[in-house]
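The values are calculated or read from the model by the stated rules, or taken from the named source; none is laboratory data. All of these numbers come straight from a predicted model, not from anything done at the bench. FYI the Cβ positions are ideal-geometry reconstructions off the backbone, even for glycines, and counts take in every protein chain you see. Just so you know, the surface numbers come from the protein's heavy atoms only, side chains and all, with ligands and any DNA or RNA stripped out. Shrake-Rupley method; radii C 1.70, N 1.55, O 1.52, S 1.80 Å.
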Amino acid sequence: MRFKTIDFSKFSSMKIGGKFDVEVINECSQIKNQSYLIGSCNNILIGTNPPPLMILDKKYDYIKIQDGMLKIGGATPSGKIVSFCKKNNIGDFEFLSHLPGTLGGLVKMNAGLKEYEIFNNLIEIKTCQGNLKQNDIEYGYRYTNIDSPILEATFSFSNGFDKEKVQLFKEMRTNQPSTPSAGSCFKNPKGRYAGQLIEEVGLKGFRVGGMEFSSKHANFLVNHGGGTFDDANFLIKEAQKKVYEKFKIKLECEIIILNSEY
Ligand SMILES: Cc1cc2nc3c(=O)[nH]c(=O)nc-3n(C[C@H](O)[C@H](O)[C@H](O)COP(=O)(O)OP(=O)(O)OC[C@H]3O[C@@H](n4cnc5c(N)ncnc54)[C@H](O)[C@@H]3O)c2cc1C
């Protein structure tokens, strides 16, 4: 067994969390049901008492063209995917240019922006429980039913990297804060925007300790520095409570909270 100590106050995009020993996974026989696999922690809020953690080894960080398809390892960062596509004049992955994560996390979350989602070009994934074709997987908005570590994914692609699309995706993010966050805190409920609901219950710009529902975009829970798990958790619960009281809408977290009750 190989562990590495990760300081989540530096590693996670929210810059919250302590130092924990994380088991490095080289092969599926190491996977334990009671442990939790992380990618690059761009969508996770780590608590003070998380479950045992695992992370894929660097050997799963690769990208190649094989038989006219893209094969990408589970630990490959989105930035590397975009660079590869640019270099090889490959289209369809431009939306990843400002969407942080590893391939495993992107597929598990069906990450995307508007109509551009990672599942659009997905053909199949290789997991610790065998291969799954796109049709075998239940997926939707920021949701999949994948419950086994994703080691690799295969994608179709079109020719031609589109620089204008990269620019378009950059512009789509101009209303988002650059302060540390984990992206959208809540999923948008049907027909509504979570950010709008947070604003309508008066929590836009509301701050507890170092954490705030950003005054730039209310659905971004940002860390101004020194924000803690308790600050973040309090704000999440407060938004859920107030939105439910006023609109009878249950705000569902897009952020994954990893703490003892997991
Ligand atoms: C500034 C910012 C902007 C963002 N904008 C967007 C956006 O526009 N659209 C969007 O969809 N998301 C967005 N996000 C959220 C985040 O980028 C995505 O959810 C991304 O997919 C997380 O990838 P990760 O590797 O960091 O996964 P993590 O956060 O580490 O994990 C997320 C989930 O994936 C699972 N997972 C990780 N690796 C694997 C694996 N190999 N096999 C199986 N499961 C795995 C974890 O168990 C967990 O359930 C944003 C985040 C930030 C910080």
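Considering only alpha-carbon pairs that sit under 8 angstrom and 6 or more positions apart, the relative contact order computed for the chain is 19 percent.
Taking only the alpha carbons of region 59-162, we obtain Rg and Dmax values of 12.4, 36 Å in that order.
Using the Cβ-Cβ distance between Asp57 and Lys190 with R0 set to 35 Å, the FRET efficiency from 1/(1 + (r/R0)^6) comes to roughly 0.30. Going by a ≥ b ≥ c, the root eigenvalues of the Cα gyration tensor, does region 9-104 fall in the rounded group (a/c under 1.5), the prolate group (a/b larger than b/c) or the oblate group? It comes out oblate by the Cα gyration axes. May I ask for the percentage of alpha-carbon pairs in the chain that lie more than 25 Å from each other? More than 25 Å apart: 47 percent of the Cα pairs in the chain. Please give the net charge around Ala153, taking every other residue with its beta carbon less than 9 angstrom from that of Ala153, where Lys and Arg add +1 and Asp and Glu add -1. Combined, the nearby Lys, Arg, Asp and Glu give 0. Here the relative contact order of region 95-168, from alpha carbon pairs under 8 Å that lie six or more residues apart, stands at 33 percent.
Averaging the sequence gap over all C-alpha pairs within less than 8 Å and six or more residues apart, then dividing by the number of residues, gives region 7-148 a relative contact order of 16 percent. Rounded, prolate or oblate for region 131-249? Axes are the square roots of the Cα gyration tensor eigenvalues, ordered a ≥ b ≥ c, and the cut-off for rounded is a/c under 1.5. Note, shape of region 131-249 comes out prolate. Going by Cα centres, region 114-137 and region 166-214 are how many Å apart? Answer, in whole Å: 28.
What separates the Cα centres of region 233-262 and region 30-86 is a distance of 27 Å. Taking all protein chains together, Cys85, Cys253 sort by accessible area into Cys253, Cys85, largest first [probe 1.4 Å]. Taken per residue, the accessible surface of region 129-176 reaches 62 Å², heavy atoms only and a 1.4 Å probe.
Within straight-line reach of Lys241, meaning a Cα separation under 26 Å, sit the following lysines at least 8 residues removed in sequence or on another chain: Lys15, Lys187, Lys190, Lys204, Lys216, Lys250. Estimated at the nearest 10 Å², the accessible area of Arg192 is 70 Å² with a 1.4 Å probe. For a straight C-alpha distance cut-off of 21 angstrom, the lysines reachable from Lys32 (same-chain residues fewer than eight places away being disregarded) are Lys4, Lys19, Lys58, Lys59, Lys108, Lys126. Counting only Cβ charges, +1 for Lys and Arg and -1 for Asp and Glu, the dipole size of region 178-262 around its Cα centre is about 380 debye. When the chain is treated as a GNM with alpha-carbon contacts under 10 Å, the residue of Ser215, Ser29, Ser13 showing the greatest mean-square fluctuation is Ser29. Tell me the angle of helix 163-172 to the major Cα principal axis of the chain, expressed in degrees between 0 and 90 and rounded to the nearest ten. It is inclined by approximately 20 degrees. Taking GluC sites (Glu not before Pro) in DSSP loop conformation with at most 13 other Cβ atoms inside 10 Å as exposed sites, the chain has its longest uninterrupted site-free stretch at 139-251.
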